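Colleague: One structure coming up, written as structure tokens, with questions to follow.
What follows draws every value from the coordinates through simple rules; no lab data is involved. Every value quoted in this text rests on a predicted model; they were computed, and no experiment measured them. Quick reminder, even Gly has a Cβ in these numbers, built from the backbone with ideal geometry, and neighbours come from all protein chains shown.
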Amino acid sequence: MLDVQDVDVFYGVVPALHRVRLEVAARETVCLLGPNGAGKTTTVKSIIGLLKPHAGTIRWDGADITGLPPHVTVGLGLALAPEGRLLFPDMSVEENLELGASPARARPEKRYTQEWVYTLFPRLRARRRQAAGTMSGGEQQMVAIGRALMARPRLLILDEPSLGLSPLLVQELFRVLGTLNQQGMSVLIVEQNAVQALRISQRAYVLESGKIVLHGSSEELRRSDDIRRSYLGL
């Protein structure tokens, strides 16, 4: 499905990514770990089309999508729940969700998809008329993920979804991500919560200073002394 090869990104003259390589296969959950400033958000912005790589290629189902704008990549089946959620705070939950169904491929199934999102996140149904900006951080994250799902993606990309959430909400969030993967959706999750991310993913990459420094199965990385020391606190 997704194949990122030797991607370089610069902010002005400052290098942000150097020869980044990663892959996500069909029906697979992959996590991208790394400290703050490692380049994780830059990586997902490059994939979705918010940033144009200086070099390298990004392929989707074998087609080169490098540098295509987000409205095109979303139409092809990729969707991003961004860091910070970026909701429209004065709009209702339902209105925010409906904005996610903008791709032509998603519009005919908008009502069905909305019911599916409410099944995944039951508390959103009860609050569907509530302004998104008045909700808790965890509920807002549910809206952000639900909005991405409204595009009917084949690959869901999440950037720091557990940031600032309580442990109980983090567990609920990762339970839903596991359900999505069981239903056949591919997931690329950018996380600092390595414990949870490695638990639900099949493979993992570690990004440091803009470079991939480790990759392998999630089980292998869980057993890695470097990962246990740096990310698991063991």
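Colleague: Over the chain, what is the mean sequence separation of C-alpha contacts under 8 Å (at least six apart), divided by residue count, expressed as relative contact order in percent?
Modeller: 27 percent
Colleague: Take the alpha carbon gyration tensor of segment 105-181, find the square roots of its eigenvalues, order them as a ≥ b ≥ c, and report rounded if a/c is under 1.5; if not, report prolate when a/b exceeds b/c, else oblate.
Modeller: oblate
Colleague: Report, for segment 146-234, the % of DSSP beta bridges that are antiparallel, rounded to 5.
Modeller: Restricted to segment 146-234, the bridges split so that about 55 percent are antiparallel.
Colleague: Could you tell me which of rounded, prolate or oblate describes segment 69-220, using a ≥ b ≥ c as the square roots of the eigenvalues of the alpha-carbon gyration tensor, with rounded for a/c under 1.5 and, failing that, prolate when a/b is larger than b/c and oblate otherwise?
Modeller: Prolate, since a/c reaches 1.5 and a/b exceeds b/c.
Colleague: Shifting gears a bit: At a 10 angstrom cut-off on C-beta neighbours, averaged per residue, how do the peptides 86-93, 36-43 rank from highest to lowest?
Modeller: 36-43, 86-93
Colleague: Continuing with this model, one more query. How many lysine pairs in the chain, separated by 8 or more positions in sequence or lying on different chains, have Cα atoms less than 20 Å apart?
Modeller: 4
Colleague: Which one of PRO69, PRO161, PRO108 has the biggest mean-square fluctuation once the chain is modelled by GNM with Cα springs under 10 Å?
Modeller: PRO108
Colleague: Among ALA204, ALA194, ALA151, which one moves the most in a GNM of the chain with springs linking Cα atoms closer than 10 Å?
Modeller: The residue with the greatest mean-square fluctuation here is ALA194.
Colleague: Right, next: Using helices alone, what [θ] at 222 nm do you get for the chain, with -39,500 (n - 2.57) per DSSP H run of 4 or more residues, divided over all residues and rounded to the nearest 500?
Modeller: -10500 deg cm²/dmol
Colleague: Take the alpha-carbon centre of segment 41-113, take the same for segment 175-206, and report the distance between them in whole Å.
Modeller: Centre-to-centre (Cα) distance: 19 Å.
Colleague: Continuing with this model, one more query. Give me the extension gain from PHE88 to ARG19: residue separation times 0.36 nm, minus the current Cα-Cα distance, reported in nm with one decimal.
Modeller: Gain in length upon complete extension: 21.3 nm.
Colleague: How big is the antiparallel share of DSSP beta bridges in the chain, given as a percent to the nearest 5?
Modeller: 55 percent
Colleague: Once label points are set 7 Å from the Cα along Cα→Cβ at both LEU99 and THR134, what is their separation, rounded to one decimal in nm?
Modeller: 1.8 nm
Colleague: List the residues of segment 2-33 whose backbone N lies under 15 Å from a point placed 7 Å from the Cα of ASP64 along the Cα-to-Cβ direction.
Modeller: Residues 3-8 fall inside that zone.
Colleague: In nanometres, what is the gap between the two model label sites at GLN171 and LYS52, each 7 Å from Cα along Cα-to-Cβ?
Modeller: 4.7 nm
Colleague: Right, another one. Work out, step by step, the length gained on full extension between TYR11 and ARG27: first 0.36 nm times the residue separation, then minus their alpha carbon distance; give nm to one decimal.
Modeller: 2.5 nm
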